[in-house]
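Just below is one structure, and these are the notes that go with it.
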Amino acid sequence: MARAIWKGAVSFGLVYVPVEMHSAARSSAIDLTLLDSRDFAPVGYQRINKRTGKVVEWGDIVKGYEYKKGEYVALSEEDFRQANVKASQTIEITSFTSAADIAPEYYENPYYLVPTKGGEKGYALLRETLLRTGKVAVGSIVMRGRQHFGVIGADKPVLLFNTLRFAAELRSLADLEVVARALKAANVAPKEVAMAERLLEEMSATPMD
């Protein structure tokens, strides 16, 4: 098994289930390197001042936040240190809800939760309860300097922790107003719907078939 990216426990009420977390996804993208076509030597990049066009040395670079178009405020390492939340050793469950109550667009990254020594019974109990009730556990964790909200659900043999996006991270449907107007103007006949339903049934299959 791959090395765990986090070790701690799932906690709710008086229940404490020691677990470790493993990434449930892996990228299939191919990493490509920029090369000079003449000798296949890797091509580097330069840090250019967009105003002067001159190269900027690392020692002259700071991080800044654009609070208004073209206006920045510089942030120091001390600013980042104070804003950095401490890593926690628990996934604190605050409530339970139906899995159907969370829209798919809020799901972000999946992680497997694996029981560690002494946590097998509590882990199995939580998994079976979630499976039977169709609910997920809502909670939070601080990992890699950032607080993540997420849900724990039962994925048959294991528990799966999915981080969630905040509502502010989703684009407003108002951005798609033109598309919405076009759909509203489209007239779909009952016959067309019936034909689409038959096609859907014919093409239905279990996932990964």
- Message: For the range 109-123: of the residues being in contact with a helix residue (DSSP H, G or I) (Cβ under 9 Å, 6 or more places away or on another chain) and buried (at least 20 other Cβ atoms within 10 Å of the Cβ), which is farthest from ALA24 (Cα to Cα)?
- Response: PRO115
- So which pairs qualify, if the first residue must be in the range 26-38 and without any contact (Cβ under 8 Å) to a residue 12 or more places away in the chain, the second must be assigned to a loop (DSSP other than H, G, I, E, B) and open to solvent by 100 Å² or more (accessible area, probe 1.4 Å), the Cβ gap must be under 9 Å, and the two must be at least 6 apart or on different chains? LEU34/TYR45
- In the range 126-145, residues that are under 16 Å from TYR16 (Cα atoms), assigned to a strand (DSSP E or B) and open to solvent by 10 Å² or more (accessible area, probe 1.4 Å) total 2
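Just to be sure, is GLY8 within 28 Å of PRO115 (Cα to Cα), over 18 Å from the mean Cα position of the chain (by Cα) and either at pLDDT below 85 or among the small types (Gly, Ala, Ser) (or both)? Reasoning before the result, please.
Details: within 28 Å of PRO115 (Cα to Cα): yes; over 18 Å from the mean Cα position of the chain (by Cα): yes; either at pLDDT below 85 or among the small types (Gly, Ala, Ser) (or both): yes.
In short, yes.
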- List every residue pair whose Cβ atoms sit under 7 Å apart, with the two residues 6 or more apart in sequence or on different chains, where the first one lies in the range 2-24 and is open to solvent by 60 Å² or more (accessible area, probe 1.4 Å) and the second, anywhere, is modelled with pLDDT under 90. SER23/ILE5
- Item | Residue in the range 118-125 that is of a type in the set (Asp, Glu), in a helix (DSSP H, G or I) and out of contact with any Ser or Thr (no Cβ under 9 Å at 6 or more places or on another chain) present | yes
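Filter the range 86-104 down to residues that are surrounded by 12 or more Cβ atoms within 10 Å (Cβ to Cβ) and over 25 Å from LEU14 (Cβ atoms), then give me how many there are.
Residues flagged as surrounded by 12 or more Cβ atoms within 10 Å (Cβ to Cβ) and over 25 Å from LEU14 (Cβ atoms) within the range 86-104 amount to 1.
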- Sole exception among (1) of a type outside the set (Val, Ile, Thr); (2) within 20 Å of VAL15 (Cβ to Cβ); (3) open to solvent by less than 40 Å² (accessible area, probe 1.4 Å); (4) not in a loop (DSSP other than H, G, I, E, B) for HIS148, by number: (2)
- Just to be sure, is ALA182 open to solvent by less than 80 Å² (accessible area, probe 1.4 Å), small (Gly, Ala, Ser), farther than 30 Å from ARG81 by Cβ and out of contact with any strand residue (DSSP E or B) (no Cβ under 6 Å at 6 or more places or on another chain)? yes
- Among the candidates GLY64, GLY53, residue that is farther than 30 Å from GLU92 by Cβ and either among the polar types (S, T, N, Q) or surrounded by 10 or more Cβ atoms within 10 Å (Cβ to Cβ) (or both): GLY64
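The values are calculated or read from the model by the stated rules, or taken from the named source; none is laboratory data. Note that the structure is a prediction, hence the values are computed from the model and not measured. Glycine gets a Cβ as well: all are built from the backbone with ideal geometry, and neighbour counts include every protein chain shown. Ligands, DNA and RNA are stripped out before the accessible areas are found, and what is left, the full protein with its side chains, is counted by its heavy atoms. Shrake-Rupley method; radii C 1.70, N 1.55, O 1.52, S 1.80 Å.
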